[in-house]
Amino acid sequence: MAAYYDYIKSLHLIFVVTWFAGLFYIPRLFVYQIEAFHKPSPEKEILGKQLKLMAKRLWFIITWPSSVLATIFAVLLIIITPAWLEQGWMHVKLGFVLLLFIYQFVTHKMYNELQHDEVKYSSNFMRLWNEGATFILFAVVFLVILKSAINWIFGVIGIFVLAILLMLGFKIYKRIREKNPEA
């Protein structure tokens, strides 16, 4: 199986990219669904129906299959290179992957609620929720590239700096939207 290592790694990376694409876009669709829910009829029903369909296709045709396939190829890579399991960076990476699955399961719960017109969160909350996968992606990329239990900390510090910048950007964007609803 070692002869297929590069192919397996390539497939793993492809499905990680498509998995993250789904995780990045689904909360954005949730923002639109929540905002459509508060619009007057018939706009509410027309937009709601279309956004539910888009979310369903994204979630079950792209996101879930990609997460499963990325995981299968990751397991194959670990079978080929079991020594990775002895390295500290891999333990931390697997912890972040666990967080990513928790994020996906919570997002799935939100998906189910919105598919049944249960609006429990604001569109502003969903804009913030949308950044969860971004933080995990940063951590995992730094861990995999640096492969160091010490150096990845600088990457995580970068994540927190990014989080602060995103929060500031979010507040500025919110003020702009309040002044100009078309923005």
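Where a number appears in this text, it was derived from the coordinates with a stated rule and is not lab data. Everything numeric here is computed off the predicted structure, so don't read it as measured data. Neighbour counts run over all protein chains shown; Cβ positions are idealised from the backbone, glycine included.
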Shape call for region 85-148, from the Cα gyration tensor axes a ≥ b ≥ c (a/c under 1.5 means rounded, otherwise prolate when a/b beats b/c, else oblate), comes out prolate
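Pull out a ≥ b ≥ c, the square roots of the eigenvalues of the alpha-carbon gyration tensor of region 1-124, then state rounded if a/c is under 1.5, prolate if not and a/b is larger than b/c, and oblate in the remaining case. Write out the running numbers ahead of the final one.
Working: a/c = 4.17, a/b = 2.48, b/c = 1.68.
Prolate.
How much mean residue ellipticity at 222 nm does the chain get from its helices, if each DSSP H run of length 4 or more adds -39500 (n - 2.57) and you divide by all residues, to the nearest 500 deg cm²/dmol? Let's see the in-between values first.
Values: 7 runs with 143 residues, N = 183.
Value at 222 nm, helices only, nearest 500: -27000 deg cm²/dmol.
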GNM on the chain, Cα springs under 10 Å; top mean-square fluctuation among TYR32, TYR173, TYR111 goes to TYR173
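How much net charge surrounds GLU45 when only the other residues with a Cβ under 11 Å from the Cβ of GLU45 are counted, with Lys and Arg +1 and Asp and Glu -1?
Result for the local shell: +2.
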Among PHE160, PHE24, PHE135, the residue with the largest mean-square fluctuation in a Gaussian network model of the chain built from Cα contacts under 10 Å is PHE160
When the chain is treated as a Gaussian network with springs between alpha carbons less than 10 Å apart, the largest mean-square fluctuation among LEU76, LEU143, LEU100 is found at LEU76
Between the residues MET167, ILE72, MET90, the Cα farthest towards the positive end of the dipole of region 64-183, that dipole coming from +1 and -1 charges on the beta-carbon of Lys, Arg, Asp and Glu, is from MET167
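Would you mind ranking ILE164, ILE62 so that the residue whose beta carbon has the fewest other beta carbons within 10 Å leads the list?
Values: ILE164 10, ILE62 17.
So the residues, fewest neighbours to most, are ILE164, ILE62.
With helices defined as uninterrupted DSSP H runs, which ones in the chain have an alpha carbon span along their own long axis of at least 27 Å and mean Kyte-Doolittle hydropathy of at least 0.0?
Helices passing the filter in the chain: 5-37, 88-115, 152-179.
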Env charge @ TYR111, Cβ radius under 10 Å, K,R +1 / D,E -1, value +2
Label model pair VAL68, ILE157: point-to-point distance (7 angstrom along the Cα→beta-carbon line) in nm is 4.2
